[in-house]
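All remarks here apply to the structure that follows.
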Amino acid sequence: MPILFSLALWADIGCDEPAYKLAQFLERILWFNNENFCLGIPLTICMSGQTLEALARVHPTIINTLNWRTTNSNSYLSGPWRWEQAELVGSTFHATALVQPSALHNNNQLHQAFTEGFVRPEIQQCKDSFKRLLGRNLRGFRPSEMVWCPNVSWLLEEQNFDYCIIGGEHFGSHQTGQWHKGQVFTLGSNVPNLKIISTTNEIMPSDWNTYPHGYLFYSYEYL
């Protein structure tokens, strides 16, 4: 799995301009050339089903790029055009939160209703979009706004996700919390197969130009 950057992209189906800019952005970084031929940039690209639908509608050729230039692909194309150093990770379809804090803490029945009535259908709708447009089953999940808690992990495993990316900020800023960032965790026997991957740092768009090849991202800061 790519570990250099994890990008979370969002575009509204009803607004063409951001989706078109995001499609151009993805084309640029996935087909990036350096001293070797078409190496691209190692990325975990996170997007909602709504974003994928928007990209496909305003820039249909992005589907070919995503199929050829990301891992777990349904494409049988061989040669230098095939590149598996980027991976697509899903979310909820409308970037709906994975958990509603007040429902979780105050009312178990309300939490269950939120999970079954909103979260489960949102996840399934996102998976359906990736299956229909890219012919693949998602392996990874990134919760919208990094809102996550262990109580909903069983649902992700039930939906056959292999891993979930969460914000390292969940572990706090103390020394132990800093060490936990960037680590891979499991949640015990109740959820034995789902891996929890913690990000190391959140990089702001204003910092992108300080990284090698960061200008590729920095030039799209207005997105």
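The values are calculated or read from the model by the stated rules, or taken from the named source; none is laboratory data. All of these numbers come straight from a predicted model, not from anything done at the bench. Note: ideal-geometry Cβ built from the backbone for every residue, glycine included; neighbour counts use all protein chains shown. SASA here: full protein model, heavy atoms, side chains in, ligands and nucleic acids out. Shrake-Rupley method; radii C 1.70, N 1.55, O 1.52, S 1.80 Å.
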Residue list for segment 23-41, restricted to those being open to solvent by 10 Å² or more (accessible area, probe 1.4 Å), modelled with pLDDT of 70 or more and not aromatic (Phe, Trp, Tyr): GLN24, GLU27, ARG28
Could you please tell me which pairs satisfy a Cβ distance under 9 Å, a separation of 6+ or placement on different chains, a first residue in segment 146-163 that is small (Gly, Ala, Ser), and a second residue that is crowded, with 17+ Cβ neighbours inside 10 Å and modelled with pLDDT under 80? none
Can you pull out the residues in segment 9-22 that are open to solvent by 50 Å² or more (accessible area, probe 1.4 Å) and at pLDDT below 70? TRP10, ASP12, ILE13, GLY14, CYS15
Looking at (1) modelled with pLDDT under 80; (2) farther than 19 Å from ASN151 by Cα, can you tell me which one GLU53 breaks? (1)
Would you pick out the residues in segment 105-150 that are surrounded by fewer than 18 Cβ atoms within 10 Å (Cβ to Cβ), over 20 Å from the mean Cα position of the chain (by Cα) and in a helix (DSSP H, G or I)? HIS105, ASN106, ASN108, GLN109, LEU110, GLN112, ALA113, GLU116, GLY117
LEU194 surrounded by 15 or more Cβ atoms within 10 Å (Cβ to Cβ), touching a Phe, Trp or Tyr at 6+ places or on another chain (Cβ under 6 Å) and at pLDDT 85 or above: no
